[in-house]
């Protein structure tokens, strides 16, 4: 007779398996590389969150007016929040997850975004990650944003759709491009599935906001496909 294993027992098995692996191969902090934790207290204390007078659309500091330069031409149904400035040690952690699949680190970043989400008062019903270009997905074997979005959706008990948004064409890497070049590079590059997003309030997740071109074009694609509202969350902001 086959022995049935309950979900509770599987949970305990996973817990002790992780404890055993961590004992044999101790995790290293993604920010400073010290042994012991995936993210240490010292690195946590060095995070720089947005403070002071802020843009009403994205919550980042501005000197005057209501909107920053990135948000002033965005549709008013798009809202953006970022967890912290893209400085070390946060930048080191984002780069590490970009080139090494690490679900524990993705879980940590998801918890940061959950805290931001709770502070906003937003009410969404599903989560969608920004899709990775096919060529880079084949090279890496995973989308680091999907790792974050999966944990985020699970913690908030929201639907996760990884196939609701797709790239219609390959784009150049945004690294090294100025703001105008970034916008041209990704303009019209995304398409959303109206059968999935119609009437939904969506949390769109990315790891980093630089010029805002990618997030903006993804959000516009979702709105054009019938989404009611798009709330964008990123771990870092350059």
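The values are calculated or read from the model by the stated rules, or taken from the named source; none is laboratory data. This one's a predicted model, so the numbers in the text were calculated from it and none came from an experiment. We place every Cβ from the backbone using ideal geometry, glycine too, and count neighbours over all the protein chains shown.
A few comments on the model shown:
- All positions within the range 101-125 that are farther than 11 Å from residue 233 by Cβ, part of a loop (DSSP other than H, G, I, E, B) and in contact with a helix residue (DSSP H, G or I) (Cβ under 9 Å, 6 or more places away or on another chain): 101, 102
Let's see how each residue does on (1) surrounded by 23 or more Cβ atoms within 10 Å (Cβ to Cβ); (2) within 23 Å of residue 122 (Cα to Cα); (3) modelled with pLDDT of 95 or more:
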{"position": "168", "(1), (2), (3)": "no, no, no"}
{"position": "175", "(1), (2), (3)": "no, no, no"}
{"position": "189", "(1), (2), (3)": "no, no, no"}
{"position": "193", "(1), (2), (3)": "no, yes, yes"}
{"position": "198", "(1), (2), (3)": "no, yes, yes"}
{"position": "224", "(1), (2), (3)": "no, yes, no"}
{"position": "232", "(1), (2), (3)": "yes, yes, yes"}
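- When the range 131-145 is filtered for residues that are at pLDDT 95 or above and assigned to a helix (DSSP H, G or I), the ones remaining, listed by number, are 144, 145.
- Pair list, Cβ < 6 Å and 6+ apart or interchain, from the range 93-119 residues that are closer than 12 Å to residue 81 by Cβ to residues that are surrounded by 15 or more Cβ atoms within 10 Å (Cβ to Cβ) and at pLDDT below 95: 116/81
Residue by residue, here is whether (1) at pLDDT 85 or above; (2) closer than 25 Å to residue 204 by Cβ holds:
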| residue | (1), (2) |
| --- | --- |
| 33 | yes, no |
| 39 | yes, yes |
| 43 | yes, no |
| 46 | yes, no |
| 55 | yes, yes |
| 59 | no, yes |
| 72 | no, yes |
| 78 | yes, yes |
| 81 | yes, yes |
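- Unique residue being at pLDDT 95 or above, crowded, with 18+ Cβ neighbours inside 10 Å and in contact with a strand residue (DSSP E or B) (Cβ under 6 Å, 6 or more places away or on another chain) when the list is 110, 106, 124: 124
- Taking the conditions (1) touching a strand residue (DSSP E or B) at 6+ places or on another chain (Cβ under 9 Å); (2) in contact (Cβ under 8 Å) with a residue 60 or more places away in the chain; (3) surrounded by 15 or more Cβ atoms within 10 Å (Cβ to Cβ) in turn, residue 143 satisfies each one other than (2).
- None of 128, 148, 48, 70 is assigned to a strand (DSSP E or B), touching a residue at least 24 places away in the same chain (Cβ under 8 Å) and either touching a helix residue (DSSP H, G or I) at 6+ places or on another chain (Cβ under 9 Å) or farther than 27 Å from residue 194 by Cβ (or both) except 128.
- Subset of the range 73-94 [part of a loop (DSSP other than H, G, I, E, B) and under 20 Å from the mean Cα position of the chain (by Cα)]: 74, 77, 86, 87, 88, 89
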